[in-house]
1. If I go through the stretch 43-67 residue by residue, how many of them are closer than 19 Å to L122 by Cβ, in contact with a helix residue (DSSP H, G or I) (Cβ under 8 Å, 6 or more places away or on another chain) and part of a loop (DSSP other than H, G, I, E, B)?
2. Among the numbered criteria (1) open to solvent by 30 Å² or more (accessible area, probe 1.4 Å); (2) more than 27 Å from L135 (Cα to Cα), which single criterion is violated by H167?
3. When you check E289 against the structure, is it open to solvent by less than 60 Å² (accessible area, probe 1.4 Å), at pLDDT 95 or above, assigned to a loop (DSSP other than H, G, I, E, B) and within 19 Å of I133 (Cβ to Cβ), yes or no?
4. Suppose we keep only residues that are open to solvent by 20 Å² or more (accessible area, probe 1.4 Å) and of a type in the set (D, E, K, R) within the stretch 27-65. Which one would you say is nearest to A306 (Cα to Cα)?
5. Out of all the residues in the stretch 57-76, is one or more in contact (Cβ under 8 Å) with a residue 12 or more places away in the chain and more than 22 Å from T298 (Cβ to Cβ)?
6. Before we move on, is E207 out of contact with any strand residue (DSSP E or B) (no Cβ under 7 Å at 6 or more places or on another chain) and under 19 Å from L253 (Cα atoms)?
7. Looking at the stretch 181-200, which of the residues that are within 18 Å of the chain's Cα centre (by Cα) and under 19 Å from V96 (Cβ atoms) is surrounded by the fewest Cβ atoms within 10 Å (Cβ to Cβ)?
8. Going by the structure shown, is L232 touching a residue at least 60 places away in the same chain (Cβ under 8 Å), in contact with a Lys or Arg (Cβ under 9 Å, 6 or more places away or on another chain) and in a helix (DSSP H, G or I)?
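The values are calculated or read from the model by the stated rules, or taken from the named source; none is laboratory data. In this text, all values refer to a predicted model and were calculated from it rather than measured experimentally. No Cβ is skipped: glycine too gets one built from the backbone with ideal geometry, and neighbour counts run over all protein chains shown. To get the accessible areas, we keep the full protein, side chains included, count just its heavy atoms, and leave off ligands, DNA and RNA. Shrake-Rupley method; radii C 1.70, N 1.55, O 1.52, S 1.80 Å.
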Amino acid sequence: MDLSPAPFYTDISHGPEGGAAYWVTAGDGKRIRVGHWPLESAEGTVLIFPGRTEFIEKYGQIAAAFAERGLASVAIDWRGQGLSDRMLDDPLVGHVDSFVDYQKDVAALMRVVRQLGLPRPLYLLAHSMGGAIGLRAVMEGLGVQAVTFSGPMWGIFFKPHIRPFAHVLGHAMPVIGRGHLLPPGSSPRAHVLTTDPETNLLTRDAEQFEIMRQQLKAHPEMELGGPSYVWLREALRETRHLQGRPSPGLPCLTLLGSNEGIVDVPAIQQRRDAWPRGELQIVDPGEHEVLMESAERTAPLFDRIAAHFR
């Protein structure tokens, strides 16, 4: 067993009791952190694939919601974020050499699942960037029974006048040795620390927004700013690649906020139309983090996800 104990911040996780984290080494040597919320007599385990900039503890409340519905949870810090190995000298720049590298992290997560003997069947909840990683993973045989995507990054939202520049710069800047830099308009700081509750793109719930802010203030080592040019290039390549592949045969529920402003909505609608066992639910009103709203608003969504998984 190559697992060893890793830090797990119970002061900010708001999750079920007994949560713990482990270090595991990916196939290319990167150190990856995996978190687990056990549940006695669980009827299965949810694999949680977070979005870009996120970390395990941010999903504690979601793990608690699944625990109330009889499911254990396991989550991951992708390479380059959370407490997993950062990829650049500047730890605040989000970076990955290739999106396929994230599949090495998925493989590391699945080793943890096997070594801990987590309850089966397995299900997948994948959010934002995790939705792109999760889509490739299920296309390539990830052993889950059903999937739920939340605001999945199957395309990136750009304003029409920005889109051509994003593609050109994402490919040109790495060629001239500037691939590690932030694109124009990207902040070196986390979104929740540089915006107001009224104008943020994540949640309409002021309490949830404050929780996100306090998590980073308590543990600033978790913070991540904008993505590098290389990340942008690789994300565009990956989403284009995925758009050309057929949907898996798994049952799929996709949740999308009515006011989504981070990922590309037409790409999600196209995937819904091409997924034989897929269903899209528009959450109205809703932003990017539809599962991080008030308990009153999210309870019906978690009921539906649990029913979908079963």
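1. Number satisfying all stated conditions: 2.
2. Condition (2) is where H167 drops out.
3. Against the criterion (open to solvent by less than 60 Å² (accessible area, probe 1.4 Å), at pLDDT 95 or above, assigned to a loop (DSSP other than H, G, I, E, B) and within 19 Å of I133 (Cβ to Cβ)), E289 qualifies.
4. Step by step, filter the stretch 27-65, then rank; the result is E43.
5. No: the stretch 57-76 contains no residue that is in contact (Cβ under 8 Å) with a residue 12 or more places away in the chain and more than 22 Å from T298 (Cβ to Cβ).
6. no
7. Only one residue fits best here, namely H191.
8. Judged against the criteria, L232 is not a match.
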